[in-house]
Amino acid sequence: MTSSIRSIVLLATAFLYGMAAHGDTIYNESVSGDLSNSGLTPTALTVLLGSNDVFGSTGKDATTGTIDRDYFTFTVPQGLYLTAITVLPGTETLGTLGDSFLGVESGSQVTVSTSATTAAGLLGWDHYGTDDIGVNILPLMGMGVGATGFTGPLPAGTYSFWVQEASVGTVPYGLEFTVATPEPATWTMLLTGMTALAGMTGRRAARSHFFRA
């Protein structure tokens, strides 16, 4: 991500944070156990106004080749929006390109197959890395190639998420889901700036490779 795009994302995120009360950790695998490994039965979480943090780990077993995928779902309350998904400090990734995968689907399940070669069926997706720590990647997910796509914050409704790291090893991740009443001008600024600068970064092009290991 170029420094210009990062600056726009961080500025917009700062505005959005200012409109939401601070929340809590809503799930931590080290305390509550492994998140669901099935998209059809994702772990149900509850989000409230403010920041809602999810901590887990993902990776691939070197012996069996099994990928520890995490699936969870929550409902954004009426009158509120999901305004940001921020990668938290402590998040690590693997692989030669250093990125893990996060996808979102509308509804209470992730129905897209793990063997899919396109993002058809997903609302959005992104490959996040350590250079995304502190960045709101929700707008980037809306630009995920092949997905339905979206602009602006996600409105009230139920959404399901899929996290995976396809390279051998295990790494921790932390994601902050900010639920708030968004300021339209903030999102206009963010999307306008990102659209203008999207062509200037090779990292955006790299993100077009779905399920990259």
What FRET efficiency comes out for the pair ALA116/THR151, r = Cβ-Cβ distance, R0 = 30 Å, nearest 0.05?
0.80
For the range 27-89: accessible area per residue (Å², 1.4 Å)
44
Quickly work out the LEU88-to-VAL31 label distance, labels modelled 7 Å from Cα along the C-beta direction, and quote it in nm with one decimal.
0.9
In range of the label at THR170: residues from the range 24-62 whose backbone nitrogen is under 13 Å from the point 7 Å along Cα→Cβ:
29-31, 33-35, 56-62
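Tell me, what % of the accessible area of the range 49-129 is carbon and sulfur with a 1.4 angstrom probe? List each step's numbers first, then the result.
Numbers: 1590 of 3040 Å².
Carbon and sulfur together cover 52 percent of it.
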Here the residues of the range 154-183 lying in the modelled label zone of THR63, meaning backbone nitrogen under 17 Å from a point 7 Å along Cα-to-Cβ, are 168-170
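On a full-extension model of 0.36 nm per residue, what is the gain between THR181 and LEU45, subtracting their alpha-carbon distance, rounded to one decimal in nm?
Working: separation 136, 0.36 × 136 = 48.96 nm, distance 2.00 nm.
My answer for the length gained is 47.0 nm.
The values are calculated or read from the model by the stated rules, or taken from the named source; none is laboratory data. Because the structure is a prediction, the values reported are computed rather than measured. Here Cβ is always computed from backbone atoms with ideal geometry, including for glycine, and neighbour counts include all displayed protein chains. To get the accessible areas, we keep the full protein, side chains included, count just its heavy atoms, and leave off ligands, DNA and RNA. Shrake-Rupley method; radii C 1.70, N 1.55, O 1.52, S 1.80 Å.
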